[in-house]
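Colleague: The following block contains the structure, expressed as structure tokens.
The numbers here are math on the coordinates, done by the rules we state, and not lab data. Computed from a prediction, not measured in an experiment: that's the story for all the values here. Glycine also receives a Cβ, built like all others from the backbone with ideal geometry; neighbour counts cover every protein chain displayed.
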Amino acid sequence: MTYFQVQSLQETTIPYGEIQDFLFDMIQQEFGYGYIPDYHQDIQHIEDYYLKPAGNDFLLAVDNAHEKLIGTIGIRAYDKDFPLFKDIYHPHSTASIWRVFVSKSWRRKGVASTLVNIGEDFCHKKGYENIYLHTHRTVPGSLNFWLAQGYNITVDTKNEMGTVHMEKRLNNPVDREAAEKCEIYI
């Protein structure tokens with residue numbers, strides 16, 4: 001039996017303000033700081049980053065018993081300009097994962113794995129070939145979690161935040177243009 005459900009930001013009844021509060025609370029807990037404009041534009045403008053672009057989505061894990069937000073994952077076309085990855089990742093072929101957070105009381109119960117699996121399915125259906133993310137060695141368990149999900153380390157910056165860049169190649173991505181032309185008859 002599943003004690004939580006996954007909803008898209010497009011279909012949830014949870015107010016955006018509550019989602020933003022959850023994200024900022026998690027950032028405070030994990031990293032020890034609050035809102036930083038350069039880092040958190042996607043949270044402040046969640047619709048512009050995750051709803052409006054067709055290749056993007058934001059998923060929420062919701063506790064069935066209390067209808068409370070317990071986890072998140074954001075997926076968007078690769079949109080960073082890290083010099084390390086110039087000419088490697090492109091928005092049409094690479095998705096990026098952001099804002100994977102799970103409430104401490106819900107960890108090690110399959111919430112993050114479920115969000116990642118559904119997120120990867122979304123990426124596959126959208127025709128992405130690769131998924132990029134970065135994580136931090138300073139967040140207990142995060143690097144091991146991503147390695148267990150099949151992600152590979154591309155660059156370990158060894159910086160003060162412990163930033164580790166990772167990627168995963170998707171097998172047989174869907175041809176987006178062909179899929180958009182298809183009609184399904186039931």
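Colleague: Give me the distance in nm between label points sitting 7 Å out from Cα along the Cα-to-Cβ direction at residue 21 and residue 163, one decimal.
Modeller: Label at residue 21, label at residue 163, 3.1 nm between them.
Colleague: How large is the charge dipole for segment 46-174, taken about the Cα centre, if only the Cβ atoms of Lys, Arg (+1) and Asp, Glu (-1) carry charge, to the nearest 20 debye? Don't jump to the answer; show the numbers that get you there.
Modeller: On the way: 16 positive and 14 negative charges, 78 e Å.
For this selection, approximately 380 debye.
Colleague: So how much slack lies between residue 66 and residue 152, counting 0.36 nm per residue of separation and subtracting their Cα-Cα distance, in nm?
Modeller: Numbers: separation 86, 0.36 × 86 = 30.96 nm, distance 3.61 nm.
Stretched fully, the residue 66-residue 152 segment lengthens by 27.3 nm.
Colleague: Here's a follow-up. Arranged by the count of other C-beta atoms within 10 angstrom, fewest first, what order do 167, 67, 11 take?
Modeller: Working: 167 19, 67 10, 11 7.
Sorted ascending by nearby Cβ count, the order is 11, 67, 167.
Colleague: Apply the Karplus curve 6.51 cos²θ - 1.76 cosθ + 1.60, θ = phi - 60°, to the phi angles in segment 116-127 and return the couplings in whole Hz, x for Gly and Pro.
Modeller: So the J values, rounded to whole Hz, are 5, 4, 5, x, 5, 4, 4, 4, 4, 5, 7, x.
Colleague: Could you let me know the centre-to-centre spacing of segment 1-64 and segment 89-132, using Cα atoms, in angstrom?
Modeller: 13 Å
Colleague: Please order 161, 26, 166 by the number of other Cβ within 10 Å, starting at the fewest.
Modeller: 161, 26, 166
Colleague: Ordered by residue, what ³J(HN,Hα) values in Hz, to whole numbers, does segment 133-138 give under the Karplus form 6.51 cos²θ - 1.76 cosθ + 1.60, where θ = phi - 60° and Gly and Pro are x?
Modeller: So the J values, rounded to whole Hz, are 7, 10, 9, 10, 4, 6.
Colleague: Right, another one. So if we plug the beta-carbon distance of residue 44 and residue 121 into 1/(1 + (r/R0)^6) with R0 = 35 Å, what FRET efficiency do we get, rounded to 0.05? The partial results should precede the final answer.
Modeller: Values: r = 28 Å, r/R0 = 0.79.
That gives a FRET efficiency of 0.80.
Colleague: Right, next: With a/c under 1.5 counting as rounded, go ahead and sort segment 4-178 into rounded, prolate or oblate using the C-alpha gyration tensor (a ≥ b ≥ c being the square roots of the eigenvalues; past the cut-off, prolate if a/b is larger than b/c, else oblate). Please list the in-between numbers first.
Modeller: Working: a/c = 1.41, a/b = 1.14, b/c = 1.24.
Since a/c stays below 1.5, the shape of segment 4-178 is classed as rounded.
Colleague: Arrange 45, 134 by Cβ neighbour counts within 10 Å, fewest through most, would you?
Modeller: If I rank by nearby Cβ atoms, fewest first, I get 45, 134.
Colleague: For the pairs 109/168; 52/109; 80/125, flag any whose C-alpha to C-alpha distance is greater than 29 Å.
Modeller: Working: 109/168 23 Å; 52/109 31 Å; 80/125 22 Å.
Pairs exceeding 29 Å: 52/109.
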